[in-house]
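**Student:** Questions regarding the structure given below will be posed in turn.
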Amino acid sequence: KQEVTQIPAALSVPEGENLVLNCSFTDSAIYNLQWFRQDPGKGLTSLLLIQSSQREQTSGRLNASLDKSSGRSTLYIAASQPGDSATYLCAVSAYNTDKLIFGTGTRLQVFP
Amino acid sequence: SAVISQKPSRDICQRGTSLTIQCQVDSQVTMMFWYRQQPGQSLTLIATANQGSEATYESGFVIDKFPISRPNLTFSTLTVSNMSPEDSSIYLCSASPSGYTDTQYFGPGTRLTVL
């Protein structure tokens, strides 16, 4: 059974810092991995999608990497801003299915 | 991409009643899903809503408790039946426009409180 874990569970940093969020999964037979952002009381916003054949994806200040063989992904946020404060979720889709299995989330707070 | 709306955005219901949540996508999509997010927890998949046929439920979720409809490629409903306080959660609808190689897009969620 696929299990997805995120470390750390919570993170509080001053504005301007570069930071790394970690995601690990137990079954490497995935089709893709997605990073989402969830603001309090809101739905999810897709940030990055990495196909299993890819090693990284970039969007603005965000960079996500994938090491499928070791069951790990990282989300790198450069020059963090208070507006980045949210919960970040990673999710993997099992091979040949759309079903997403979500990680436990990292709650990020960036203070001015 | 896909823009998803859900109604209602929130509701407070009495124990033993039922609530139907609607999910509308602004374009035709291949796959639609329903997730539950319990307080302080991550998301758990309830079921895949199949167009024109019965939904596919995950372990721990049953049709009698969570009946789902998907009459076309842009709309789905989830009913939470015979509610108890343990059903208090955020219920989210998602869609995958082109299948399993595609990004999943999520609705804003329905926050349900059962008294």
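The values are calculated or read from the model by the stated rules, or taken from the named source; none is laboratory data. As the structure is a computational prediction, the values presented were derived from the model and not from experiment. Every residue, glycine among them, receives a Cβ derived from its backbone with ideal geometry; neighbour counts consider all protein chains shown. Accessible surface is based on the protein model in full, side chains and every heavy atom, while ligands, DNA and RNA are left aside. Shrake-Rupley method; radii C 1.70, N 1.55, O 1.52, S 1.80 Å.
**Student:** Take the conditions of a type outside the set (Lys, Arg) and within 11 Å of chain B (Cβ to nearest Cβ) and apply them to residue A:101. Does it pass? Before you say what the answer is, go through the steps one by one.
**Tutor:** Numbers: of a type outside the set (Lys, Arg): yes; within 11 Å of chain B (Cβ to nearest Cβ): yes.
Answer is yes for this residue.
**Student:** Residue B:52 versus (1) over 14 Å from the mean Cα position of the chain (by Cα); (2) crowded, with 17+ Cβ neighbours inside 10 Å: which is the lone unmet condition?
**Tutor:** (2)
**Student:** Restricting the search to region A:24-42, which residues are crowded, with 21+ Cβ neighbours inside 10 Å and under 19 Å from residue B:37 (Cα atoms)? Show your work before the answer.
**Tutor:** Of all residues in region A:24-42, those crowded, with 21+ Cβ neighbours inside 10 Å come to A:25, A:30, A:32-36, A:38.
A:34, A:35, A:36, A:38, listed by residue number.
**Student:** Return the residues of region A:4-17 that are under 15 Å from the mean Cα position of the chain (by Cα) and open to solvent by 50 Å² or more (accessible area, probe 1.4 Å); say none if nothing qualifies. Full working, then the answer.
**Tutor:** First, pick out the residues of region A:4-17 that are under 15 Å from the mean Cα position of the chain (by Cα): A:4-11.
Within region A:4-17, A:5, A:7, A:9, A:10 qualify.
**Student:** Can you spot a residue in region B:10-26 that is modelled with pLDDT under 95, out of contact with any strand residue (DSSP E or B) (no Cβ under 6 Å at 6 or more places or on another chain), loosely packed, with under 13 Cβ neighbours inside 10 Å and not aromatic (Phe, Trp, Tyr)?
**Tutor:** Looking for residues that are modelled with pLDDT under 95, out of contact with any strand residue (DSSP E or B) (no Cβ under 6 Å at 6 or more places or on another chain), loosely packed, with under 13 Cβ neighbours inside 10 Å and not aromatic (Phe, Trp, Tyr), one finds none in region B:10-26, hence no.
**Student:** Which ones in region A:66-93 are buried (at least 17 other Cβ atoms within 10 Å of the Cβ) and closer than 17 Å to residue A:27 by Cα?
**Tutor:** Passing the criteria: A:66, A:68, A:71, A:73, A:74, A:90, A:91, A:92, A:93.
**Student:** Additional query: Does residue B:39 meet the test of being touching a Gly at 6+ places or on another chain (Cβ under 7 Å) and open to solvent by 20 Å² or more (accessible area, probe 1.4 Å)? Outline the logic, then answer.
**Tutor:** Working: touching a Gly at 6+ places or on another chain (Cβ under 7 Å): no; open to solvent by 20 Å² or more (accessible area, probe 1.4 Å): yes.
Criteria not met by residue B:39.
**Student:** Collect the residues in region A:48-74 that are of a type in the set (Val, Ile, Thr) and either in contact with a Cys (Cβ under 6 Å, 6 or more places away or on another chain) or touching a residue at least 12 places away in the same chain (Cβ under 8 Å) (or both), keeping them in residue-number order.
**Tutor:** Kept after step one, since they are of a type in the set (Val, Ile, Thr), are these residues of region A:48-74: A:50, A:58, A:74.
The answer is A:50, A:74.
**Student:** So which strands (runs of 3 or more DSSP E) stay within region A:40-112 end to end and still have 2 or more residues that are touching a Gly at 6+ places or on another chain (Cβ under 9 Å)? Please lay out each step first, then the result.
**Tutor:** Working: elements: A:44-51, A:56-59, A:62-67, A:72-77, A:86-94, A:100-102, A:106-111.
Where strands (runs of 3 or more DSSP E) fall fully within region A:40-112 and carry at least 2 residues being touching a Gly at 6+ places or on another chain (Cβ under 9 Å), they are A:86-94.
**Student:** Could I ask something else about it? All but one of (1) part of a loop (DSSP other than H, G, I, E, B); (2) within 14 Å of chain A (Cβ to nearest Cβ) hold for residue B:5; state the number of the condition that does not hold.
**Tutor:** Single failed check for residue B:5: (1).
**Student:** Can you pull out every residue in region B:27-36 that is away from chain A (no Cβ under 11 Å) and either open to solvent by less than 10 Å² (accessible area, probe 1.4 Å) or within 12 Å of residue B:68 (Cβ to Cβ) (or both)?
**Tutor:** The answer is B:34, and nothing else.
**Student:** Can residue A:1 be described as within 10 Å of another protein chain (Cβ to nearest Cβ) and surrounded by fewer than 18 Cβ atoms within 10 Å (Cβ to Cβ)? Explain how you work it out, then say what you get.
**Tutor:** Numbers: within 10 Å of another protein chain (Cβ to nearest Cβ): yes; surrounded by fewer than 18 Cβ atoms within 10 Å (Cβ to Cβ): yes.
In short, yes.
**Student:** Among the residues of region B:17-67, what is the count of those that are charged (D, E, K, R) and closer than 20 Å to residue A:105 by Cα? Quick ask: steps written out before the conclusion?
**Tutor:** Looking only at region B:17-67, we keep the residues that are charged (D, E, K, R), and these are B:26, B:36, B:54, B:58, B:64-65.
Applying the additional criterion that residues be closer than 20 Å to residue A:105 by Cα yields B:36.
Adding up the residues that qualify gives 1.
**Student:** Are there strands (runs of 3 or more DSSP E) fully within region B:41-115 with at least 1 residues that are of a type in the set (A, V, I, L, M), within 14 Å of chain A (Cβ to nearest Cβ) and closer than 19 Å to residue A:49 by Cα? List them. Talk me through it step by step, then tell me what you get.
**Tutor:** On the way: elements: B:43-49, B:75-80, B:89-96, B:110-114.
Once the strands (runs of 3 or more DSSP E) in region B:41-115 are filtered for at least 1 residues that are of a type in the set (A, V, I, L, M), within 14 Å of chain A (Cβ to nearest Cβ) and closer than 19 Å to residue A:49 by Cα, what remains is B:43-49, B:89-96.
Per-residue answers, yes or no, for (1) modelled with pLDDT of 90 or more; (2) in contact with a Lys or Arg (Cβ under 9 Å, 6 or more places away or on another chain):
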{"site": "A:10", "(1), (2)": "yes, yes"}
{"site": "A:26", "(1), (2)": "yes, yes"}
{"site": "A:31", "(1), (2)": "no, no"}
{"site": "A:41", "(1), (2)": "no, yes"}
{"site": "A:54", "(1), (2)": "yes, no"}
{"site": "A:70", "(1), (2)": "yes, no"}
{"site": "A:76", "(1), (2)": "yes, yes"}
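**Student:** Oh, and also: When you scan region B:77-98, do you find a residue that is surrounded by fewer than 21 Cβ atoms within 10 Å (Cβ to Cβ) and aromatic (Phe, Trp, Tyr), even just one?
**Tutor:** So far as region B:77-98 goes, no, none of its residues is surrounded by fewer than 21 Cβ atoms within 10 Å (Cβ to Cβ) and aromatic (Phe, Trp, Tyr).
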